[in-house]
1. Within the range 123-141, can one find any residue that is surrounded by 20 or more Cβ atoms within 10 Å (Cβ to Cβ) and closer than 30 Å to residue 281 by Cα?
2. Restricting to the range 162-184, and then to whatever is out of contact with any helix residue (DSSP H, G or I) (no Cβ under 8 Å at 6 or more places or on another chain) and in contact (Cβ under 8 Å) with a residue 60 or more places away in the chain, can you tell me which residue is nearest to residue 34 (Cα to Cα)?
3. When residue 62 is evaluated against the numbered criteria (1) at positive phi; (2) loosely packed, with under 15 Cβ neighbours inside 10 Å; (3) within 16 Å of the chain's Cα centre (by Cα), which criterion, by number, is the only one it fails?
4. So residue 81 passes all but one of these: (1) surrounded by 15 or more Cβ atoms within 10 Å (Cβ to Cβ); (2) under 24 Å from residue 169 (Cβ atoms); (3) at pLDDT below 90; (4) out of contact with any strand residue (DSSP E or B) (no Cβ under 7 Å at 6 or more places or on another chain). Which condition number does it fail?
5. Identify, from the list 235, 251, 260, the residue that is more than 18 Å from residue 212 (Cα to Cα), touching a helix residue (DSSP H, G or I) at 6+ places or on another chain (Cβ under 7 Å) and either modelled with pLDDT of 95 or more or not assigned by TED's automatic domain parsing to the domain that holds residue 7 (or both).
6. All but one of (1) crowded, with 16+ Cβ neighbours inside 10 Å; (2) touching a strand residue (DSSP E or B) at 6+ places or on another chain (Cβ under 9 Å); (3) within 27 Å of residue 289 (Cβ to Cβ) hold for residue 147; which doesn't?
7. Please tell me if residue 159 is surrounded by fewer than 21 Cβ atoms within 10 Å (Cβ to Cβ) and either touching a residue at least 24 places away in the same chain (Cβ under 8 Å) or closer than 21 Å to residue 4 by Cα (or both).
8. Could you go through the range 185-207 and let me know if any residue there is in contact with a strand residue (DSSP E or B) (Cβ under 8 Å, 6 or more places away or on another chain), touching a residue at least 24 places away in the same chain (Cβ under 8 Å) and at positive phi.
């Protein structure tokens, strides 16, 4: 099973072009959709999750038309939105049982077995009777994945799942995503580069509604070899460096600023070539220094 998106576009009433001819082919496994806030990631995720309409284009999940055959898509879909509400006075076990009923698991024994298995898989079995209102942020996200896994979905969409999690919960959530992302399509939409670097064998960068880059993280990093340069500058010199050079990122260290620049050759005296990272790929793509993604055949 694969998801094929072609020329998907969406313009909101205020004139914002949220999606601009987005084309992607996504095979089973973890796929990272990386972009800044407002890039169009959530619009694309909601469209694929059958929650809003596109203006034009197509999306096919094998032979299923995602934009027109929404009921069939929903039978195969697991969705964890960026923000989702829970009933604070209902336990995790009760809520998953309710979701399983909604997903069509009508047999009581099968439903109980499904709920128990999901609680174990998401490491929530020990708090199955705890009210959801008392869950931490990480526990809520794991509960969100548990409800998304009901019905053995073939397409799982998770939108900004690790935003706000502490390091321990983030690692736990990464392990959970890696565990489920083998035989099904899992789209991880995020602005956190490390999430994609840690989890996704394929990814795309999207900004201002357009796909800027798509491929394998390692290959994308290798293509930047010899093009990323680093220099430590004083704070009062930063503005001048930014005005004269293609700076892609800055980072404060011990009161001084580490500047990274994209350049085919030594950009200025005092810079040193450094090994590129996926973060450099992301910032270089968003800044417009890389070749735009070719349209899929």
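1. At the first step, the residues of the range 123-141 found to be surrounded by 20 or more Cβ atoms within 10 Å (Cβ to Cβ) are 124, 141.
Next cut, closer than 30 Å to residue 281 by Cα only: 141.
Checking the range 123-141: at least one residue is surrounded by 20 or more Cβ atoms within 10 Å (Cβ to Cβ) and closer than 30 Å to residue 281 by Cα.
2. Out of the qualifying residues, it is 163.
3. All conditions are met except number (3).
4. Condition not satisfied by residue 81: (4).
5. Numbers: 235 fails: touching a helix residue (DSSP H, G or I) at 6+ places or on another chain (Cβ under 7 Å); 251 fails: touching a helix residue (DSSP H, G or I) at 6+ places or on another chain (Cβ under 7 Å).
On inspection, the qualifying residue turns out to be 260.
6. (3)
7. Values: surrounded by fewer than 21 Cβ atoms within 10 Å (Cβ to Cβ): no; either touching a residue at least 24 places away in the same chain (Cβ under 8 Å) or closer than 21 Å to residue 4 by Cα (or both): yes.
When the stated conditions are applied, residue 159 does not pass them.
8. Filtering the range 185-207 down to residues in contact with a strand residue (DSSP E or B) (Cβ under 8 Å, 6 or more places away or on another chain) leaves 185-191, 193, 195-196, 199-206.
Right, trim to touching a residue at least 24 places away in the same chain (Cβ under 8 Å) and you get 185-191, 193, 195-196, 199-206.
Now restrict to residues that are at positive phi: none.
Among the residues of the range 185-207, not one is in contact with a strand residue (DSSP E or B) (Cβ under 8 Å, 6 or more places away or on another chain), touching a residue at least 24 places away in the same chain (Cβ under 8 Å) and at positive phi, which makes the answer no.
The values are calculated or read from the model by the stated rules, or taken from the named source; none is laboratory data. What you are looking at is a predicted structure, and each value in this text was computed from that prediction instead of being measured. Using ideal geometry, Cβ is built from the backbone for each residue, glycine included, and neighbour counts are taken over all protein chains shown.
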